[in-house]
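Each reported figure results from applying straightforward, stated rules to the coordinates on display, with no laboratory input. These numbers come from a predicted model, not from an experiment. Every residue, glycine as well, gets a Cβ built from its backbone with ideal geometry; the counts of neighbours run over all protein chains shown.
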Amino acid sequence: MSHESQSSSPASTKTTRRGFTKTLAATAFATQFGATFIPAHAFGKMEKPALAGIGAGGKGQTDIVQSRAVGFDVAALVDVVDAPKLQKIDNKKLKSILAVREAFPKARFFADYREMFSEMGDKIDAVTVSTPDHHHFHASLMAMQTGKHVYCQKPLTHSIHEARMLAKVAAETGVKTQMGNQAHANDHMRDCVEFIQAGIVGKVKEIHAWTNRPIWAQGFATPPEGQPVPDAINWEQWIGPAAWVDYSPKIAPFQWRGWWDYGTGALGDMACHIMDMGYWAMGLPTPKSVTAEQHGATKLSPPINSKITWDFAANPYSAADGFQFKWYDGYIDAEFDSESWALKKNVDEYNHPSADVLDGESFKDYGSVIIGEKGKLFFNRSRKWIVKPSTLADDFVKPEPKIHRAGGNNYAEWLDAITGKIEQSQSYFGQSGPLTETVLLGVLAQRYPDTVLEWNHEAMQIAGRDDLQRHIQHNYPTGWEVKV
């Protein structure tokens with residue numbers, strides 16, 4: 001089930017016909033993708049910007065509540081789950097939407113963000129986008145093209161081309177943007193970025209990053225048996241711009257991360273957090289090539305575990321011959337179990353760097369290590385870091401801070417950018433776009449393992465592999481086409 005293919009199954013046809021009248025207005029509005037009409041109140045000083053939360057349950061609940069806490073006024077909620085009908089569904093993740101609806105009773109509710117923009121475009125200043133990955137691009141693009149500031153969860157997009165376009169449109173429209181890799185706002189991360197760039201470990205030779213994810217199902221070869229769509233869920237809208245699959249609770253609300261068509265696996269989910277500091281410290285470099293080892297990937301699903309290596313050319317912060325970035329994910333020897341639709345671990349240990357790289361440190365205490373010509377910096381995004389040997393810190397003269405310190409609150413930093421207190425939040429799309437592109441190159445390598453993929457950044461192509469372009473730039477079904 002490739003992303004660009006669209007099934008002509010009876011279920012797909014029936015749902016499309018049933019939803020045609022309801023989505024006609026939204027589809028008409030969607031054809032305006034590419035037209036920029038920015039309301040006057042989208043810029044300048046705003047004491048309490050009006051917010052629409054696109055994706056209201058799960059992480060969306062957190063993003064909406066935290067945005068309100070720092071000063072946004074929640075005016076609209078968008079979700080494919082109709083909260084009043086949820087009483088019949090025994091699912092804690094879905095029922096978080098009930099709490100959001102109850103917390104914001106005056107907010108208008110929509111199932112389709114295209115309809116929300118069409119009806120409330122002049123009443124909204126900003127949006128949070130907390131949907132499955134395959135909706136990030138469309139929701140964020142439409143928001144920016146209508147002058148809305150955007151906070152979008154990680155990974156920024158589902159494809160490399162989408163990430164490039166969001167960064168481009170953000171720069172062109174001047175809206176204030178932020179990707180939801182929350183630790184990017186932690187002061188100790190910004191300290192370490194400046195310390196590495198100032199040479200605390202010397203010129204960088206290697207960076208290693210790792211995670212225990214996936215903790216959801218990955219590595220399945222056939223989809224679960226389709227089930228009737230609950231009345232509370234608009235499944236056609238959930239599928240949106242992606243390939244059709246029949247509804248199953250084994251897909252939504254949580255297991256979608258393990259599908260190529262809707263998520264980006266463990267790498268897409270976690271690397272925008274864990275690779276962030278090292279990539280930032282190296283000046284947002286462009287990879288020359290990427291290669292992957294993996295276990296368990298199928299045509300439907302990302303791997304159960306993997307190791308990925310990006311090669312980068314030399315830059316001011318690296319060794320003379322460049323540097324490598326290495327990624328490790330997944331539990332060692334885990335397997336997918338179709339009966340429980342879950343991963344079963346054979347050993348309670350996940351992929352991580354070698355003992356030589358870890359240098360006596362526990363891989364469970366940190367998420368990345370930067371290896372320079374003078375030593376190593378071990379980093380945990382939850383406010384912990386050390387250097388080895390420890391004498392590196394004794395002789396190091398801390399540079400004057402150049403990066404704005406956000407005190408750990410990326411929602412407040414985004415609001416400060418919108419209200420003009422600062423020029424830009426640090427994980428704005430001009431920064432998080434290149435990070436996402438690099439991560440998604442790794443996701444592409446997982447599909448085609450044990451092969452060196454040489455990256456042409458300007459052309460957005462893998463050298464000599466025109467067959468991979470469909471993964472780099474998606475084709476969308478009718479009603480979801482875009483103009484950038």
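Values as computed for the structure displayed
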read-out: Mean Cβ neighbour count within 10 Å, used as a protection proxy, ranking 293-300, 237-244 highest first; value: 237-244, 293-300
read-out: In sequence order, calculated HN-Hα J values of the stretch 451-468 (Karplus, 6.51, -1.76, 1.60; Hz; x Gly/Pro); value: 9, 7, 9, 8, 9, 9, 5, 4, 7, 6, 9, 8, 3, x, 10, 4, 5, 8
read-out: Between helix 160-173 and the chain: long-axis angle, C-alpha atoms, 0 to 90°, nearest 10; value: 80
read-out: Segment Lys95-Asp467, length gained on full extension (0.36 nm per residue, minus Cα span); value: 129.7 nm
read-out: The chain - share of DSSP beta bridges that are antiparallel (%, nearest 5); value: 60
read-out: Stretch gain in nm, segment Lys402-Asn475, where the contour uses 0.36 nm per residue and the Cα spacing is subtracted; value: 22.2 nm
read-out: Virtual paramagnetic centre 7 Å along Cα→Cβ of Leu284, amide N under 18 Å, in the stretch 440-484; value: 440-441, 457-460
read-out: Using alpha-carbon coordinates, inclination of helix 429-447 to the longest axis of the chain, degrees; value: 90
read-out: The chain: proportion of alpha-carbon pairs further apart than 30 angstrom, %; value: 46
read-out: Peptides 411-424, 220-233 ordered by average Cβ neighbours within 10 Å, highest first; value: 411-424, 220-233
read-out: Extension gain (nm, one decimal) between Glu339 and Asp395, 0.36 nm per residue minus Cα-Cα; value: 14.4 nm
read-out: FRET efficiency, 1/(1 + (r/R0)^6) with R0 60 Å, evaluated for Met120 and Asn346 via beta carbons; value: 0.70
read-out: Charge tally in the Cβ shell below 15 Å around Ser362, where Lys, Arg are +1 and Asp, Glu are -1, Ser362 excluded; value: -2
